[in-house]
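Structure first, commentary second.
The values are calculated or read from the model by the stated rules, or taken from the named source; none is laboratory data. Predicted, not measured: the structure shown is a model, and the values here were computed from it. Because the Cβ atoms are built from the backbone with ideal geometry, glycine has one as well, and the counts that use them run over all protein chains shown.
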Amino acid sequence: MPEALRFGPYVTLGILGVGGMGTVYRARHPELGFEVAIKALSGEGARSEGDRRRFERELRALRALRHPGLIEVLDFGEQDGTPWFAMRRIEGGSLEDRM
């Protein structure tokens with residue numbers, strides 16, 4: 001990753017994965033020192049109204065649900081026109097790897 005990106009107070013450290021609508025970054029809160037995973041809508045999706053609505057529905061659903069099998073959303077916002085949300089980062093590979 002050539003240059004660190006910022007999403008709110010978080011600074012990216014690398015890319016964890018890329019999907020159909022977004023990119024998931026490993027990021028750090030520089031003042032508090034903890035790491036998170038940030039999902040950001042990417043590319044055309046950041047400009048498509050339909051993808052933005054789906055991304056916002058996903059964020060609302062995750063914020064409304066409480067279950068030990070779901071990762072909690074810690075923060076969210078929009079940076080330079082790109083919506084994003086931060087989740088607790090869990091070590092150990094991807095869900096795809098575990099399946």
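Miscellaneous remarks
- Within the range 12-33, the residues that satisfy the criterion of being within 14 Å of TRP84 (Cβ to Cβ), surrounded by 14 or more Cβ atoms within 10 Å (Cβ to Cβ) and either at pLDDT 90 or above or acidic (Asp, Glu) (or both) are THR12, LEU16, THR23, VAL24, TYR25, ARG26, ALA27, HIS29.
- Annotation note: Cβ proximity below 9 Å between a residue of the range 79-99 that is modelled with pLDDT under 65 and a residue that is surrounded by fewer than 18 Cβ atoms within 10 Å (Cβ to Cβ) and in a strand (DSSP E or B) (sequence gap 6+ or interchain) occurs for SER94/LEU16; SER94/GLY17.
- For the range 56-83, taking the residues that are surrounded by 14 or more Cβ atoms within 10 Å (Cβ to Cβ) and of a type in the set (D, E, K, R), the one that is nearest to the chain's Cα centre (by Cα) is identified as ASP75.
- Residue match in the range 49-68 (condition: without any contact (Cβ under 8 Å) to a residue 60 or more places away in the chain, small (Gly, Ala, Ser) and outside any helix (DSSP H, G or I)): no
- With respect to the conditions (1) over 17 Å from GLU91 (Cβ atoms); (2) over 11 Å from the mean Cα position of the chain (by Cα), THR12 falls short on a single one, namely (2).
- Residue count, the range 41-55 (criterion: buried (at least 19 other Cβ atoms within 10 Å of the Cβ) and either modelled with pLDDT of 95 or more or in contact with a Leu (Cβ under 8 Å, 6 or more places away or on another chain) (or both)): 2
- For the range 69-85, the tally of residues that are in a loop (DSSP other than H, G, I, E, B) and in contact with a strand residue (DSSP E or B) (Cβ under 8 Å, 6 or more places away or on another chain) stands at 2.
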